[in-house]
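Here's the structure we're looking at; comments come further down.
The values are calculated or read from the model by the stated rules, or taken from the named source; none is laboratory data. Note that the structure is predicted; figures quoted are calculated from it, not measured. In this analysis, Cβ positions are derived from the backbone assuming ideal geometry, glycine residues included, and neighbour counts consider all displayed protein chains. Calculation scope for accessible area: heavy atoms of the full protein, side chains included, ligands and nucleic acids excluded. Shrake-Rupley method; radii C 1.70, N 1.55, O 1.52, S 1.80 Å.
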Amino acid sequence: SKHAIEVAQKLNPQSTFKVMKAEKLKFKDSSFNVVLCFDVLEHILDPNKALKEIHRTLDNNGTLILTVPNLNSLSKKIKGKNWFAFKDKTHVSLLTKKQWKNKLRENGFKIKQQKTIDLFDLPTKLGTIINLLLYKLNIPFLPKYGDNLVLIAKKK
């Protein structure tokens, strides 16, 4: 969003930020060696279009690191329909880990790592205590029950 860009520009005046659709990136082929896609793909009706564009803009050894809501999270199991990802009406592509991995493969990526991160949507006090403990112990990544799925993939 333009607002997010304005905030980012104030925090990082030496950087360049642009607003554009993930499904139609205005960058040349092979422009980047890393693309970070945090909390974006679940907001896109057709994530395949965005993944194709990301693939196009990555160089031959490029890496994509993405996060999306984890439908297998502990918070979801506890909160059910009140889980954060279900409450956000802009989340139009909530998919399972298997579905995200298949989309990556279909769009020319090879999955290198998969993890989950954070339990931020647990009931307030419990979630805060658990997250502080995990970060204090330097283990923010969880095997499978965190609220966000983290996938790291290389361009094939």
In the structure shown, of K28/K97; K18/K156; K52/K81; K26/K115; K101/K136; K28/K156, the pairs separated by more than 21 angstrom at the C-alpha atoms are K28/K97; K18/K156; K52/K81; K26/K115; K101/K136
Kindly state, as a whole number, the per residue volume in cubic angstrom of the convex hull around the alpha carbon atoms of segment 36-95. 81
Where a Cα-Cα gap under 14 Å defines reach, which aspartates and glutamates qualify for K49, not counting those fewer than 8 residues away within the same chain? E23, E106
Highest-fluctuation residue, V92, V34, V19 considered, GNM on the chain with Cα pairs under 10 Å: V19
Find how much the distance from Q9 to L126 grows on full extension, using 0.36 nm per residue of separation minus their present alpha carbon separation; answer in nm with one decimal. 38.7 nm
If N is the residue count of segment 21-156, its Cα Rg over 2.2 N^0.38 Å rounds to 1.10
With runs of 4+ DSSP H residues as the only contributors, calculate the mean residue ellipticity of the chain at 222 nm using -39,500 (n - 2.57) per run, divided by the residue total and rounded to the nearest 500. -10000 deg cm²/dmol
Assuming R0 = 25 Å, what is the FRET efficiency of D88 and N48, from their Cβ-Cβ distance, to the nearest 0.05? 0.75
Treating the angle as unsigned and between 0 and 90°, give the value, to the nearest 10°, between the Cα long axis of helix 124-136 and the longest Cα principal axis of the chain. 60
Restricting to segment 10-156, what percent of DSSP beta bridges are antiparallel, rounded to 5? 75
Excluding ligands, DNA and RNA, the carbon-plus-sulfur percentage of the accessible area of the chain with a 1.4 Å probe reads 58
At R0 = 35 Å, FRET efficiency that the Cβ-Cβ distance of N33 and L137 yields, to 0.05: 0.65
Roughly what would the spin-label model give for K97 and F17, points 7 Å off Cα along C-beta, in nm? 3.2
